[in-house]
Amino acid sequence: MAYRLTLNSGHLIPQVALGTSRISKDNVEVCINRALEMGYRHIDTAAYYGNEIAIGKALQEHMESTDLGREDVFIATKLFQTFMTGHAVEPALDESLRRLRLDYVDMFLVHFPCSMKNDDAYCEKQTIPRENLSVDLRETWKAMEEMVYKGKTRSIGVCNFNSKQLDYICEGARILPVVNQVEVHARFPQKKLHEFCKSRNILLEAFSPLGSPHFKGPAEINVVQSSDNLVENPIIVDIAEKYKRTPGQILLRNLVQRGIVVIPKSENPKRMKDNLQIFSFSLSNEEMEKIDKLDNGKRRFIFSWFSTHPEYPFNEEF
């Protein structure tokens, strides 16, 4: 069972989530059932991932066949970029709730700060249009806040926002973001953004916590390819051998020890189990410092598709 951290909304969030963005379509229900049986209590999805229907079905069937209750599971989903105008936020969340077979989600996140023209219906697997749309992020955030007031989500947050964008919405917010979900791993530890978020009582959530060495990704994500596999790094391997753990467990332990929520994705039963078993040991300060030195300042997930958008977040230092 993963440890839980307290969000600024007062709700608890399990510190290890099952990432579902790249689980094969035919394996989603099996993975969700397996994860819940193993003790996962945090499932991370999004309208864009195209798997909310399968997750909702698996979650309902598991709760009906066990003593697991709705309050026991933390479900997070995300607002797609074509629904960032104020009037579109609630219908988009309503569709996610319908697909997930839920009355509310525990956390609803703005998936990316770049709004795009809406030329889709509320289909589950969205495609990325090429046409930018200018939407004030405060307009989107105000509509997100209404979802809390209406009881459709317990907490709200963002993904891939830089510090200036966070400041902008926070200055006019009635409800603060609880998390900022961004790329974080040993090669790109996001130290400055992390300190910024901590100063505002916003948790950092790490997608790609192991560096996603084999992920190529669709065009809109534009992943910079690298032969650098963190789980094979000699420093990580040496620490893993000392603790009789896997390199992946060391990489995850480093992040949770920094107070970060991690979202590892795996379909492999052993690795899924390993990813939860990172709370019975601690890394020394010296080991944490060794891992700090792996920072090369290079992100892998560029999202260059949106680089011409005025809200493209990665032109800022952090």
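No lab work stands behind these numbers, since they all come straight from the coordinates. Keep in mind that this is a model prediction, so the values were computed, not measured. Because the Cβ atoms are built from the backbone with ideal geometry, glycine has one as well, and the counts that use them run over all protein chains shown.
Which of 73, 264, 318 sits closest to the plus end of the dipole of the chain, meaning its Cα is farthest towards the positive end, when Lys and Arg get +1 and Asp and Glu get -1 on the C-beta?
Highest projection toward the positive end goes to 264.
When the Cα atoms of region 21-141 are enclosed in a convex hull and the volume is divided per residue, what value in Å³ results? Let's see the in-between values first.
Details: hull volume 12.1 nm³, N = 121.
Looking at region 21-141, the number lands at 100 Å³ per residue.
Sequence-distant or interchain residues sharing an amide H contact under 5 Å with residue 46, placed H: which?
Close amide H contacts, sequence-distant or interchain: 51, 78.
Explain nothing, just the number: dipole magnitude of region 1-86 about its Cα centre with +1 on each Lys and Arg Cβ and -1 on each Asp and Glu Cβ, in debye rounded to the nearest 20. Write down the numbers at each step before the final one.
Working: 8 positive and 10 negative charges, 69 e Å.
Once rounded to the nearest 20, the dipole reads 320 debye.
Give the peptides 297-310, 85-98 in descending order of average Cβ contacts within 10 Å, highest first.
Top of the packing list down: 85-98, 297-310.
In whole angstrom, note down how far apart the Cα centers of region 248-294 and region 58-94 are.
Each part's Cα centre sits 27 Å from the other's.
How large is the helix-only mean residue ellipticity at 222 nm for the chain, computed as the sum of -39500 (n - 2.57) over DSSP H runs with n ≥ 4, divided by its residue count, in deg cm²/dmol to the nearest 500? Working shown, then result.
Numbers: 10 runs with 108 residues, N = 318.
Value at 222 nm, helices only, nearest 500: -10000 deg cm²/dmol.
What dipole magnitude, in Debye to the nearest 20, does region 4-315 give about its Cα centre under +1 on Lys/Arg Cβ and -1 on Asp/Glu Cβ?
On the way: 41 positive and 41 negative charges, 118 e Å.
Charge dipole, region 4-315, about its Cα centre: 560 debye, nearest 20.
Would you work out which of 92, 132, 250 lies farthest towards the positive end of the dipole of the chain, given +1 charges on the beta-carbon of Lys and Arg and -1 on that of Asp and Glu, about the Cα centre?
With unit charges placed on the Cβ atoms, the residue in question is 250.
In Å and whole numbers, how far do the C-alpha atoms of region 205-306 stretch along each principal axis, longest first?
Principal extents (Cα only, largest first): 41, 31, 25 Å.
How large is Rg/Rh for the chain, to two decimals, with Cα atoms and a Kirkwood Rh? The partial results should precede the final answer.
Numbers: Rg = 18.6 Å, Rh = 19.8 Å.
When Rh is taken as the Kirkwood radius, the ratio is 0.94.
What are the residues whose amide H is under 5 Å from the amide H of residue 156, where those residues sit 5 or more places off or on another chain and H is modelled from the backbone?
So residue 156 has HN proximity to 108, 178.
Could you name the aspartates and glutamates in cross-link range of residue 265, using Cα to Cα under 15 Å and dropping any fewer than eight places away on the same chain?
Correct list for residue 265: 29, 44, 183, 205, 274.
Work from the charge dipole of the chain (Cβ charges, +1 for Lys and Arg, -1 for Asp and Glu, about the Cα centre) and give the residue of 11, 83, 36 farthest towards its positive end.
It is 36.
May I ask for the Kirkwood hydrodynamic radius of region 1-77, worked out over all distinct Cα pairs and given in angstroms to one decimal?
Working: mean 1/r = 0.0783 Å⁻¹.
After inverting the pairwise mean of 1/r, the radius is 12.8 Å.
Once the piece of chain linking residue 61 and residue 198 is laid out straight, how much longer is it, given 0.36 nm per residue of separation minus the C-alpha distance between them?
On the way: separation 137, 0.36 × 137 = 49.32 nm, distance 3.78 nm.
Taking 0.36 nm per residue and subtracting the Cα distance, the gain is 45.5 nm.
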